[in-house]
Structures are given as structure tokens and as C-alpha cells.
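Notes follow once the structure below has been shown.
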Amino acid sequence: MAQDFNYTSAVSVTRHTLPDHQNTLTKEWIVTNGLGGYASSTVIGTNTRRYHGLLVAAFNPPTGRKVMVSKVEETIYCGNEEVHLSTNQYPDTVYPEGYHHIKQFTREPLPTTWFKAGGAELLKTIFMVFNSNTSIVEYKNKGEKEFILRLNPLFGVRDYHGLLHEEHDYHFFLKNNKNEHSLYAYAGAEPLYFKHTKGIFTEQRYWNKNIFYALEKLRGQDYLEDLYSTGYIECTLHPGESMFLMFSVEEGVLATDPEELKTNELNRISELVPSRAENEFLKDLIISGEQFIVHRKSTENYSIIAGYHWFTDWGRDSMIALRGLCIATGKQKEAKSVIITFLKFLNQGLIPNRFTDYENECPEYHTIDATLWLFIAVYEYDQKFDDIPFLKNIYEKLKEIIDRHIEGTLHNIHVTEKGLLSGGTPGLPLTWMDARINDHVFTPRTGYAVEINALWYNALRIFEHVSVRLEKKSNHSYKALIYKIENNFEEMFWNPKGYLNDSISETGEVSQCIRPNQIYAVSLPFTLLAKSKEEQVVNTVRKYLVTPYGLRTLAVNDPQFKPLYSGDVWARDAAYHQGTVWPFLLPEYYTAVFKINQNSSLLKKDIASELKKLKEHFYYDECLNGISEVFDGSAPRSGKGCMQQAWSVSNLILLILKFDLEI
């Protein structure tokens, strides 16, 4: 077992580091480059995931990601004293224990660590160059004494899903030219370039063996890695002086002054927030949300990463997150571009469920709701930007989607005699509750799902809205379909106990589980229920599913409820939609609350108060200035799953802007 240890005493209070947390290993940060690449670690610099790294480059933006540089080991020599500032965890020990010398860590505007040891003070700041696979570390002497700084980069050069072990094919061929270096890990490897603005490089090669990744072990994954060192850089830093260490897969970037690159990045961050965003939490959410908006090389357009570290751009997540990240914040160019990205890959009336990690693989289309969410995004785009030319440009694609669903398309997705949408085949889940391992589906919802039919109705109504906007001739068959849904939805899904059943198989088997999917029948733009029944749905959701961090995916009193999201892959997937709390659903619930109640200042105040826990999580827990993917279903507190999730951040931005909340 890895040694348990407490870092708390080493890290002072900042805006992002509460003094009473027992383990700062759980506090992570991430900076991104707009290409899907990133730099990420914990606040004390100990990598606890295989996905952590100082330079994780996206070679086929936003995918093809590789951990090129894992971290840099830092040592200072002040007088006769040698002080190791780094902290690594191994299976049976922690070495070195540099966390003792951390005086402060802050996340804003860039991840910065303040070390104080041996009478010396050092500031370490990390940032990336936007639209470039380049990471830069600035080391600044903050104190009054000069000292010698030794920097020892540790290289991985491997797929970010994998791990590296001492490998004879990895020769790490190095070309040195004064303070610039080119590294080739193995024959045919992509080159890595690094440069130091001060100091001398000394070659000294070794494998750093058995680095322990605590969070990988908790997730039931392989958790040991070997990293390679080619040598160290040593320089003297005088008081007030800085040196920069630059890493890139693009040689030309190294010719630019790193001070200039840092200034450019700080200016870019400061310009992300629209002028009307006055409260600090909203500003920070918008800056955080920008991390998900990426360039997609295959379409030369924008796309949206579903989450960091391991997600690519998923259709469902992108369409939902687009609304808060781009549309509500006024990013018209990006919003339009994301919609075009997914419509370019339209296949038999479906947009991709996800783009895969690798260039030679085709997009996947096992989704029933991603395409329907595109209509919600188009509607909100139109409401925001009044862009008739864009509606004209995509009209035929929207019509193709509607027609293909009516005719029947992939995965048995089809419209039935009642006008409702059914879909799915055994072993292939199509809704967002899609956890499966091989052919085992943990939350089977084949047939009619409640939120799918709320979305289908909205898609038809929105297409009708677009047709009117474009003065297109009315299609009576679509109107007849809308009428059918309005007459059959309630009969199909209403449970006399006062809520909506979750799903119904095509053979008539009814799932009466209380799940959050029913909230969409109230929160979406076009609703199907009388107000009295909308109120019952909202009350049921509040009674059984609402937590301060999100909505449970299943009521606690259900026999299938799983209280914890933990353990190996099977255990986590078994709990994923069986009670686990999802933050992205909470703003949908509050949207429904606003819809059935008077939008009063008192209601706004109450909702803002209820969202304070999520705000605290954003600033102080797990990913600093981020929102996790999920929380435990029972007594949720710590974020789990993906540490920074697009729709978690996006939907909160959307809620705050839509209802002018002060949180």
C-alpha cells in the first residue's frame, strides 16, 4: 500500500485552498490550449493520474493526445543547503517531500506555486500557448537571496490512456544546440523540443521507476509508471530574476519570447468574459468553460470537449454544453461552427455520438438524443442571434433529420403509430444513461424513453418554428405528428402517483423508476403537460432526487439504488446511472422551478443559496475552478469521475445568465 500522508500543513489558505482539507492530493488544476491539449497536475505537483502531465499534446486536434512531458523535478541550492521541491509518490514511500516547502498555491489567473526553503523563495507558474501544443514554466526568484536552481524534466512520450514502462525501444535520442534541445523518444516518434532561457544542460540519463498514481489505483486501473530523464538544467537565479523552461512539439514556437507568450495568454484570459458578466463566480465559470471549446482539425471548425482528462467531443455533451458555453455568452462564431462540425458528419439523420481518439477510426453513432439536442441548440441560437442566413444554410439538414427519424434509421430508431419515438437494440444503449461493459447494459431503456420523446416533440416544434421563420410552406404531416404526440405522451408516460414513468419497452414493460429524465418534460422550451402535472413532476424530483450538487439518477428508496460511485470499472459503471449524482441536471431542475413559479427576487435568492455548495466545489474541491462529472448518490460531497466536465460548467452558466442569479 502507498503511504498515507497529509499535505495540509504545507499549503496556506488561498482563494482555492481551504485550510481544513485533509488531503491536497485530491486538489487538481488544468490549463488548456484550445486544441484538446493540456497541462494538469495536483496543487503540490504530485501526479496522481496517468492523464496528468506538464505537456499533453493533441496531435490530431482535439484528439491524438500524448503525454510528452510528465513533470519537472526541481531542486534549489542556497548556500550549503540542498532542498528538493518536488513530491513523488511510490508504492511504499513518498520521495522527495517537497510539499513541506510550499507556502502557497493559487489558481488565478495561472497555476502558481510559492516555495520557501533555506532562506530562498521561488515562484513557479505554468501556462500553455493558445492554439499550440506548447507548455511553459516560469521560475522566478521571489526572495532576497540568490540561489542555484536545478531542473530535471521527466518524459513519458506515450498515448495518454496508457502507461510507460522501461522500454528498450525507447532510446530518447537527443540533439543539443546550446539552450535548445530536440528529443526523439524512439524511431519514428514525434519530436519534442525544449528550451531554457538560462542555465546549462548536463546529460545524465536514468529511468525513474514505479511512480505511483493513487487515483488510478482507486479506479481499479494499472497504477505504476516509469519515466525517463535525459539530464538536468542548472542556473543561478538572482533576486527578482526569472527563467523560463519551454516544451513544445512545434519547433518554431521556441523562437518567441516566453515573456511575450505569457502576456498574450494573460490578455486572452482577461478578454474571455463578456462585459455584462459582473459577478465574480460567473466570470470564473465562463473562463473555466472556455477550456472545452476546441479546434477540430477534421472540419476546420470548433467543437466542444465533453470533459477532461479523457473525453473527446461527444455529440450529446457538445449540443447540451454549447448552449451555456457559446450561445448564452454571445460567442456566435463558435456556436455556429460547433453546429456545423456535427452536421458535417450527419449519417442517416444522426449526428455522431462521439469522435474517437484516433485519426483512423470513424465517428460513432450509437445515440438517439444527441441529434435531438441539436434542435434545442439551434432554437436557442436563433433566439439569441436572429441569424436567418444560418437557418437557411442548415434547413435541409434539419429536414433530413426529421424525415429520417420518421422513416426509421440506425439502431431501430423509428416513429410509432402514436407519433412517439422508439429506439435501441439489446446490448446497445442509446440514451445518455448508456453505461455498458461488452454486451451488459446497466440501465436498459430500449423502446420509449421519457426525455427522448420530450426532445422529439421539441425537435418537431422547433423545425416548425424554423420553417415559419424562413417562410417555408407548412407541412401538414409534421403538424399531424405533433398533434399525435400531444395526445399520446401523457397517456403513455403519466404515473398516477404523480410523476412520469422513465421508459416503456415496445412490448409494454413499464419502468416506474423515479429518475431525473422526466424533468425535461418541464424544462425544455415546448412542454406537453398541464401546469398542475408539471408541478407534480417538479415536486417528485425535489423530494427524491435533488441534492446540493446535482440530481440523483435514481431515488434512494429504489431497490436498484447504488449509494457510492467507486471501485473498479464494473462497480463504477453499475452505479453510474443508478443513483449517482450529476451536476449538469441541477440547472434543468431549477429551470423547471422557474417555469412553474413566479420569477421573483425571493425565488432567485433561494435558488442562489441552494447553489452555494456547488460554488464551493468549483473553487475549493477536486479540479480548482472546475466542476466534476459526478458525485456519490448517498451523502454526496467529493467530486468523482471526470474532474472537469463541460455540461456541468455550461448548464450553470446558462442558468445564471438566463435568470440573472447572484450566487
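A short reminder: the numbers here are calculations on the coordinates, not readings from a lab. As the structure is a prediction and not an experimental result, all values here were calculated from the model. Backbone-built Cβ (ideal geometry, glycine too); neighbour counts: all protein chains shown.
So what's the back-of-envelope 222 nm ellipticity for the chain, counting only DSSP H runs of four-plus at -39500 (n - 2.57) apiece and dividing by all residues, rounded to 500?
The per-residue figure over the chain is -9000 deg cm²/dmol.
Taking the Cβ-Cβ separation of residue 272 and residue 395 as r and a Förster radius of 41 Å, what is the calculated FRET efficiency to the nearest 0.05?
That pair, residue 272 with residue 395, gives E of 0.80.
Once label points are set 7 Å from the Cα along Cα→Cβ at both residue 440 and residue 280, what is their separation, rounded to one decimal in nm?
Here the answer is 4.8 nm between the modelled labels.
Going down the list 103/613; 116/145; 27/562; 262/331, which pairs span over 20 Å between their C-alpha atoms?
103/613; 27/562; 262/331
Once you have the Kirkwood Rh of segment 406-462 from its Cα pairs, apply Stokes-Einstein at 10 °C and 1.306 mPa s and quote D in µm²/s.
Answer, rounded: 133 µm²/s.
Which of the three applies to segment 8-269, rounded, prolate or oblate, going by the alpha-carbon gyration tensor with a ≥ b ≥ c and a/c under 1.5 meaning rounded?
rounded
Classify segment 208-253 from the C-alpha gyration tensor, please: rounded if a/c falls under 1.5, else prolate or oblate depending on whether a/b exceeds b/c.
Judged from the Cα gyration tensor, segment 208-253 comes out prolate (a/c at least 1.5, a/b above b/c).
Could you tell me which of rounded, prolate or oblate describes segment 283-659, using a ≥ b ≥ c as the square roots of the eigenvalues of the alpha-carbon gyration tensor, with rounded for a/c under 1.5 and, failing that, prolate when a/b is larger than b/c and oblate otherwise?
Verdict is rounded for segment 283-659.
Per 0.36 nm of contour for each residue apart, how much would the distance between residue 167 and residue 187 grow if the chain were fully extended, relative to their Cα-Cα spacing?
5.9 nm
List the lysines whose Cα sits under 17 Å from the Cα of residue 344, skipping any in the same chain fewer than 8 residues away.
Those lysines meeting the cut-off are 297, 333, 336, 392, 397, 399.
Need the C-alpha centroid separation for segment 352-401 versus segment 571-597, integer Å.
23 Å
Magnitude of the Cβ-charge dipole of segment 573-663, K/R +1 and D/E -1, about the Cα centre, nearest 20 debye?
Approximately 260 debye in magnitude.
Amide H neighbours of residue 59 under 5 Å, at least 5 residues apart or on other chains, H built in the peptide plane: list them.
Here 65, 66 satisfy the definition.
With charges only on Cβ, +1 for K and R and -1 for D and E, what is the dipole size of the chain about its Cα centre, in debye, rounded to 20?
1420 debye
Of the options 185, 540, 100, report the single residue whose Cα projects farthest towards the positive end of the charge dipole of the chain (beta-carbon charges: Lys, Arg +1; Asp, Glu -1).
Working it through, the farthest residue towards the positive pole turns out to be 540.
State the answer as a single residue: which of 129, 117, 171 lies farthest towards the positive end of the charge dipole of segment 8-269, with beta carbon charges of +1 for Lys and Arg and -1 for Asp and Glu, about the Cα centre.
129
Could you tell me which trypsin sites (Lys or Arg not before Pro) in segment 602-645 are loop residues by DSSP with no more than 14 other beta carbons within 10 angstrom of their beta carbon?
637
Using only the alpha-carbon atoms of segment 497-565, report the extent along each of the three principal axes, biggest first, to the nearest angstrom.
Largest first, segment 497-565 extends 36, 35, 21 Å along its Cα principal axes.
If you wrap a convex hull around the C-alpha atoms of segment 446-543 and split its volume per residue, what is the figure in Å³?
Dividing the Cα hull volume of segment 446-543 by its residues yields 99 Å³.
What is the distance in Å between the Cα centres of segment 74-97 and segment 170-184?
Segment 74-97 and segment 170-184 have Cα centres separated by 26 Å.
Round to the nearest 0.05 the FRET efficiency obtained for residue 507 and residue 403 when R0 = 25 Å and r is the Cβ-Cβ distance.
Calculated transfer efficiency: 0.35.
So for the chain, considering every pair of alpha-carbon atoms, how many percent are separated by more than 46 Å?
Of all Cα-Cα distances in the chain, 20 percent exceed 46 Å.
Stretch residue 344-residue 359 to full length: gain in nm at 0.36 nm per residue minus the Cα-Cα span?
Net length gain for the segment: 3.8 nm.
Where the centroid of each part is defined by its Cα atoms, how far is segment 250-313 from segment 27-66 in Å?
Spelled out, the Cα-based centre of one part sits 14 Å from the other.
So what are the ³J(HN,Hα) numbers for segment 429-444, from phi and the Karplus equation (6.51, -1.76, 1.60; θ = phi - 60°), rounded to whole Hz, Gly and Pro as x?
For segment 429-444, the Karplus curve yields x, 10, 8, 5, 7, 10, 5, 7, 10, 6, 9, 8, 9, 7, 10, x Hz.
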